[in-house]
Amino acid sequence: MTEGPTATPEALRQRIVDRLAGTAPGGDPSVAWGIGLTPEQTAHIRKHLPTAYARAAVLIPLVDHVAGLTVLLTQRATHLKNHAGQISFPGGRIEPTDPGPLEAALRETREEIGLDPRSVSLAGYLHDHVVISGFLVTPVVGFVKPGFELQLDRTEVDEAFEVPLDFVLDAHNHRPRERTFAGLTFQTYDIPYANRNIWGATAGMLLTLRQALLGAP
């Protein structure tokens, strides 16, 4: 993966605003899988993606500190049936009462970590992502005003923490991992940070954000 250019906090924020302006929920989920893959590999994955998934949405919260943007992440509770202990974004299933992915992501975020939806302003959307637990996930990117207080739902979340967005965007911090899907072995990336490892769908969504901002895998 190529290294991304450095930018001032103001320039990076403006880039996010410009690149995500006019984006909408949805999109081909295999596009997200295609980071670092050849067109042939992406086409193979597209052919093997199911057509029916449960719908979900997550919030990618970008905390708008004066010193620079950070990404707010959670560590899932270790007793959960699916993805126990993994690093994730707040979010969950889109319910029939939710008008759309944005509202579902904000509702789930408030339920999981107590973040007030009034602290979040929409930046835009990334392509839908498929996760192996059977969900088609819409990533909702939002700016979060700093100074908020969180109240974690300990039945779902063990911890919440922030990672500098500059760290996430720097390709020097990405570690390759082999993955196999539908008989195809290809390379994905983890993002180790401090004593944690961001991987799977969460890392994939962050790399999709990187691609949207920098225009390169």
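The values are calculated or read from the model by the stated rules, or taken from the named source; none is laboratory data. Since we're looking at a predicted model, the values are computed, not measured. With ideal geometry, Cβ positions are generated from the backbone for all residues, glycine too; neighbour counts draw on all protein chains shown.
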Checking Val140, Val120, Val157 in turn, the sole residue that is under 16 Å from the mean Cα position of the chain (by Cα) and under 30 Å from Thr180 (Cα atoms) turns out to be Val140
Output for segment 38-70, where each listed residue is among the polar types (S, T, N, Q) and in a strand (DSSP E or B)
Thr70
Can you tell me which condition Gln211 does not meet? The list is (1) closer than 20 Å to Ile45 by Cα; (2) at pLDDT 90 or above; (3) touching a strand residue (DSSP E or B) at 6+ places or on another chain (Cβ under 7 Å); (4) of a type outside the set (Lys, Arg), and all the others hold.
(3)
In contact with a Pro (Cβ under 8 Å, 6 or more places away or on another chain), in a loop (DSSP other than H, G, I, E, B) and modelled with pLDDT of 95 or more: is that true of Leu115 in this structure?
yes
Tyr53 meets each of (1) modelled with pLDDT under 95; (2) closer than 25 Å to Arg196 by Cβ; (3) hydroxyl-bearing (Ser, Thr, Tyr) with one exception, condition (2)
Quick one: is Val157 farther than 22 Å from Leu207 by Cβ, of a type in the set (A, V, I, L, M, F, W, C) and in contact (Cβ under 8 Å) with a residue 60 or more places away in the chain?
yes
Inside segment 7-31, can you point out the residues that are surrounded by 12 or more Cβ atoms within 10 Å (Cβ to Cβ), closer than 17 Å to Asp128 by Cα and of a type outside the set (Asp, Glu)?
Arg19, Leu20, Thr23, Pro25, Gly26, Gly27, Pro29, Ser30, Val31
Check Arg76 against each of (1) in contact with a Ser or Thr (Cβ under 6 Å, 6 or more places away or on another chain); (2) at pLDDT 95 or above; (3) of a type in the set (Lys, Arg) and name the one condition it does not meet.
(2)
Taking only pairs six or more apart or across chains, which ones have beta-carbon atoms under 8 Å, a first residue in segment 173-191 that is surrounded by fewer than 16 Cβ atoms within 10 Å (Cβ to Cβ) and at pLDDT below 95, and a second residue that is in a strand (DSSP E or B) and among the basic types (Lys, Arg)?
Thr185/Arg179; Gln187/Arg177; Gln187/Arg179
For Ser119, all conditions in the list (1) hydroxyl-bearing (Ser, Thr, Tyr); (2) touching a residue at least 12 places away in the same chain (Cβ under 8 Å); (3) closer than 30 Å to Leu37 by Cα hold save one; what is the number of the exception?
(3)
Take the conditions touching a Gly at 6+ places or on another chain (Cβ under 6 Å) and closer than 26 Å to Gln14 by Cβ and apply them to Leu165. Does it pass?
no
Residues (touching an Asp or Glu at 6+ places or on another chain (Cβ under 6 Å) and part of a loop (DSSP other than H, G, I, E, B)) located in segment 123-166
Asp153, Glu156
When residues of segment 1-37 are filtered for being modelled with pLDDT of 80 or more and either assigned to a loop (DSSP other than H, G, I, E, B) or of a type in the set (Ser, Thr, Tyr) (or both), how many remain?
9
